[in-house]
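Below: the structure, in structure tokens.
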Amino acid sequence: MDQENEIMSSYTIVFDHLNHLGPGDSATTRNLAERLRSDLPSASRVADFGCGVGASALVLARYLTEPRVLALDSHAPFIARAETAASARGLGGRISAVVGDMADPPPLDGVIGGFDLIWSESAIYSIGRANAFANWRPLLKPDGWLVFSDIVWQSEPAARSDKACEFWSKEYPDITTAADVVDELTGAGFTPLDPVLSGSKAWSNYYEPLRDRLRLLTKRGDCSQALINVIAEFEQEIDVYDCAGHDVALYFFLARRDSMSD
Ligand SMILES: C[S@@+](CC[C@H](N)C(=O)[O-])C[C@H]1O[C@@H](n2cnc3c(N)ncnc32)[C@H](O)[C@@H]1O
């Protein structure tokens, strides 16, 4: 196995049985989906970019009105789990789970784009917001919605701990404040609503099972070097959260494609 594949298979092992692969909370996903429902047509075309194993795609498929959801992720084992979960919940007809690149998404039912709603939880960082806005805006119908969650600075620059600054500037150089993300959206041709702060449940949903999983794998003691490295990365991330979690926050950003900017 080459190095890249070894790292990816280590992520598959770490995330085995975990439902949230980043901070997230199905109740918030559901609330926001219900808030948008009356603004969306029935049988709406929806994309969930960087869907992981399907946590948010399953909620969107259930709580929107008979949508067609393109659940897209670049990692095939995650998509296999999303597909199984959709079938197990009787949502297979609403969700098309596909391996692909969210910077250049494949068609849904033979059509590229034409989405009423693009959703993305804890994944936009991987292609960068500016890139995502530029690539995703043309994929939305006029007045279509973009909803994504992102980690942002919560504390003022002078109050941030060295630990948080060191970690986040390395792991997420694009991290900024919620107000800056709103400005970026406006500049990219969207009309944003006020951002929505996620509660601590979003973090515990992710870190608690992850912490248990890392402990179990470490105890098992048969880890490859790639897996040991991946475990160490996650342990560092959790340690930064434990010590300096107050410096950052997870926000949802909701924005409408602004047709006036076309
Ligand atoms: C932090 S996880 C979040 C997953 C899921 N949204 C959740 O909240 O559980 C980020 C996801 O983005 C996916 N990803 C990263 N780059 C991608 C790309 N260019 N295209 C599609 N998926 C990508 C990863 O495979 C991973 O599943």
>> I want to confirm something. Restricting to segment 76-90 and keeping residues that are surrounded by 18 or more Cβ atoms within 10 Å (Cβ to Cβ) and of a type outside the set (Val, Ile, Thr), which single residue is nearest to Trp119 (Cα to Cα)?
In response: Ala82
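Is there a residue being under 18 Å from the mean Cα position of the chain (by Cα), among the acidic types (Asp, Glu) and within 12 Å of the ligand (Cβ to nearest atom) anywhere in segment 164-187? Give the steps one after another, and end with the answer.
The initial filter retains those residues of segment 164-187 that are under 18 Å from the mean Cα position of the chain (by Cα), namely 168, 171-178, 181-182, 185.
Applying the additional criterion that residues be among the acidic types (Asp, Glu) yields 171, 174.
Filter once more, keeping what is within 12 Å of the ligand (Cβ to nearest atom): 171.
There is at least one residue in segment 164-187 that is under 18 Å from the mean Cα position of the chain (by Cα), among the acidic types (Asp, Glu) and within 12 Å of the ligand (Cβ to nearest atom).
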> Checking Ile7 against (1) within 13 Å of the chain's Cα centre (by Cα); (2) within 21 Å of Leu216 (Cα to Cα), which test does it fail?
Replying inline: (1)
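Working only within segment 19-30, note down all residues that are surrounded by fewer than 17 Cβ atoms within 10 Å (Cβ to Cβ) and either within 12 Å of the chain's Cα centre (by Cα) or over 19 Å from Arg68 (Cα atoms) (or both). Before the answer, list the steps.
From segment 19-30, those surrounded by fewer than 17 Cβ atoms within 10 Å (Cβ to Cβ) are 27, 30; that's our starting set.
Result: Ala27, single match.
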>> As an exercise: evaluate Gly189 against (1) surrounded by fewer than 21 Cβ atoms within 10 Å (Cβ to Cβ); (2) out of contact with any Cys (no Cβ under 7 Å at 6 or more places or on another chain); (3) farther than 12 Å from Asp258 by Cα and give the number of the one condition it does not meet.
In response: (3)
>> For segment 84-102, give me the residue count where each residue is touching a residue at least 40 places away in the same chain (Cβ under 8 Å) and near the ligand (Cβ under 9 Å from one of its atoms).
In response: 1
> Is it the case that Val53 is more than 15 Å from Ile118 (Cβ to Cβ), in contact with a helix residue (DSSP H, G or I) (Cβ under 6 Å, 6 or more places away or on another chain) and surrounded by 24 or more Cβ atoms within 10 Å (Cβ to Cβ)?
Replying inline: yes
> Considering only segment 125-153, how many residues are assigned to a helix (DSSP H, G or I) and either closer than 19 Å to Ala27 by Cβ or more than 9 Å from the ligand (Cβ to nearest atom) (or both)?
Replying inline: 11
> Within segment 58-83, can you find the residues that are within 17 Å of Pro107 (Cβ to Cβ) and more than 6 Å from the ligand (Cβ to nearest atom)?
Replying inline: Pro67, Arg68, Val69, Leu70, Ala71, Ile79
> Can you tell which of Glu66, Glu6 is in a helix (DSSP H, G or I) and of a type in the set (Asp, Glu)?
Replying inline: Glu6
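Listed here are the residues, each with its yes/no results for (1) away from the ligand (no atom under 16 Å from the Cβ); (2) closer than 21 Å to Gly114 by Cα.
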site: Met1; (1), (2): yes, no
site: Asn19; (1), (2): no, no
site: Ala33; (1), (2): no, yes
site: Asp39; (1), (2): yes, yes
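Since every read-out is calculated from the coordinates, none of them should be taken as a lab result. Treat the numbers as computed from the prediction; the structure is a model and nothing was measured. As a convention, Cβ positions derive from the backbone with ideal geometry for all residues, glycine included, and neighbour counts pool all protein chains shown.
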